[in-house]
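Below is one structure, written out as structure tokens; the observations come after it.
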Amino acid sequence: MDSVRMTAARAAGLIRSGDLKSAEYLDAFLKAISDREREVGAFLTIDRAAAMRAAEETDRSASAGKARGRLCGVPVAVKDNICTAGMRTTCGSRILENFIPFYDAHVVKRIREEGGIVLGKTNMDEFAMGSSTENSALGVTRNPRDLSRVPGGSSGGSAAAVAAGMAPLALGSETGGSVRQPASLCGVVGLKPTYGRVSRYGLVAFASSLDQIGPLAACVEDAALLLGVTAGRDSKDSTSSEEEVPDYAASLDDPICGLRLGVPREYLGECLKGDGRDSFDRAVGLFRDMGAEIVDVSLPHTRYVISTYCIIATAEASSNLARYDGMRYGLRTGEDDLEDLVSSSRTDGFGPEVKRRIILGTFVLGSGYYDAFYLKARKARTLIREDFSKAFGESRLDAMLTPASPVPAFRFGEKAGNPLEMYLCDVFTAAVNLAGNCAISVPSFPAPASPPLPLGLQIIGDAFREQVILRIARAFEKAMEAKS
């Protein structure tokens, strides 16, 4: 039995019944980590001993017929900006390099309650600011599909861990595409839930009105499983929704014939060409073959997405990161003089990209610039949100189809010197964060290379329609499997 290739959903069922030992299942992933972690660098922290103790406890419960939970005995990798009690949470930054939280984030608590095992913490762009994981202050993560290329970001470590077979499931976080874009580049499934679908309690804040935690997995079924575990109302997060959480697995295999799928014409312009355009066109053709109705739609304010996102995200980052002052927790350098202490701690603790975004955010919130930049960006965000509402309503869409990334994984350093070019990596994903909708990236037709480079198809749903996009993604996944 090749347990590493087994779906997490099946493994959990076998562990509950006692037909598979959780310790053996975990050990298979620990061996994969021993074999590949040195070259991939997906993890910042791995607690083998604690994970094995949890697995052995699960096996004792299974022997007594008491094993429970949808994630029974399944290891989960967690992005390193999600708090884990007793395990360091660094955000990929020197300023939090030795920070150990005393509590679990809500999503981590839910994973443990459902029998899941926290395997370790994954690498990321510092404070989730980046699209390549090159901005981590604590190490380099490489794309398991081609080690000379980036895994995407900011959840690059989580995507790489799943793609390399070092974890069956992982949690990432999104602000402008940081789950879906690395999922696309690493050839795995990544889902961004509706804003409020999953609690942000215990997620280290970047941009609070955009941030959302989402699952990464090797298949759609497992992404649905992890979403079902983590979704739902949390009294500690006032923005979490009371919307009922459906059984995401129940309708996964329902047919999609007759569904109306929109293709936004604005997404087919200059940003999409070559291999990316070919992959997307083939994916749309595959949906036509499955009996879906393809509808041309317009999202007219798409051209304002990146500028709107950059202003809102940096403004909120400037506010959220003001708490790192060298006095309460985190890195502390400098003299006893207050001004020198704060300035020195932030100068030494933050990397170049974080400093850039703090400066930009402080500028757009400044006196004389607030109305010209931040207020205007908020108005543009409303128009972008209305574009989606109008398209779903007037065109009676079940979902939209777009690319997840304009390009496959690029080589290290290729975009690092050009921040604007790096920001454009999120050109197809950031609008969903601004609108608050849900979206999923599922592996599509790869770009021709040696080895072939993954590309993801993005399926966008209306608010709280995760069940629909998971069903569409599963149909596409099965159609791709039939072609391979």
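Here is how the numbers come out for the structure above:
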read-out: Percent antiparallel among DSSP beta bridges (both partners in the stretch 32-143, rounded to 5); value: 45 percent
read-out: DSSP beta bridges in the chain [antiparallel fraction, %, rounded to 5]; value: 65 percent
read-out: Virtual spin-label span in nm between ASP348 and LEU420, 7 Å along Cα→Cβ; value: 3.6 nm
read-out: Taking GLU97, GLU39 and counting other C-beta atoms within 10 Å, the order from fewest to most; value: GLU39, GLU97
read-out: Over 29 Å (Cα to Cα) - which of LYS121/LYS192; LYS121/LYS478; LYS192/LYS273 fall in this group; value: LYS121/LYS478
read-out: Relative contact order (percent, whole number), the chain, Cα cutoff 8 Å, 6+ residue spacing; value: 17 percent
read-out: Calculated FRET efficiency for the pair ALA49/ASP19, C-beta based, R₀ 25 Å, to 0.05; value: 0.45
read-out: Antiparallel bridges, percent of DSSP beta bridges restricted to the stretch 3-230 (to nearest 5); value: 65 percent
read-out: Footprinting exposure proxy for VAL305, VAL140 (fewest neighbouring C-beta atoms within 10 Å first); value: VAL140, VAL305
read-out: Over the chain: helical MRE at 222 nm, DSSP H runs n ≥ 4 each giving -39500 (n - 2.57), nearest 500; value: -12000 deg cm²/dmol
read-out: Span-like helix ranges in the chain, DSSP H, alpha carbon extent 24 angstrom or more, Kyte mean at least -1.0; value: 22-40, 376-394, 466-483
read-out: Principal axes of the stretch 3-230: Cα extent on each, largest first, Å; value: 46, 35, 32
read-out: Additional length obtainable on full extension of the chain from SER34 to ASP281, 0.36 nm per residue less Cα span; value: 85.0 nm
read-out: FRET efficiency, 1/(1 + (r/R0)^6) with R0 35 Å, evaluated for PHE363 and ALA85 via beta carbons; value: 0.40
read-out: Local electrostatic count at THR84 - Lys and Arg +1, Asp and Glu -1, tallied over other residues with Cβ under 12 Å; value: +2
read-out: Cβ-Cβ FRET estimate between SER389 and ARG10, R0 fixed at 35 Å, reported to 0.05; value: 0.35
read-out: ASP289 versus ARG265: modelled label distance in nm, points set 7 Å from Cα along the beta carbon direction; value: 2.8 nm
read-out: Residue-count net charge about ALA249 - beta-carbon cut-off 13 Å; Lys, Arg +1, Asp, Glu -1; value: -2
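All of the numbers you see were taken from the coordinates with simple rules; none came from a lab. From a predicted model like this one, the values you see are computed outputs, not experimental measurements. Don't worry about glycine lacking a Cβ; one is built from the backbone with ideal geometry, like all the others, and counts go over all protein chains shown.
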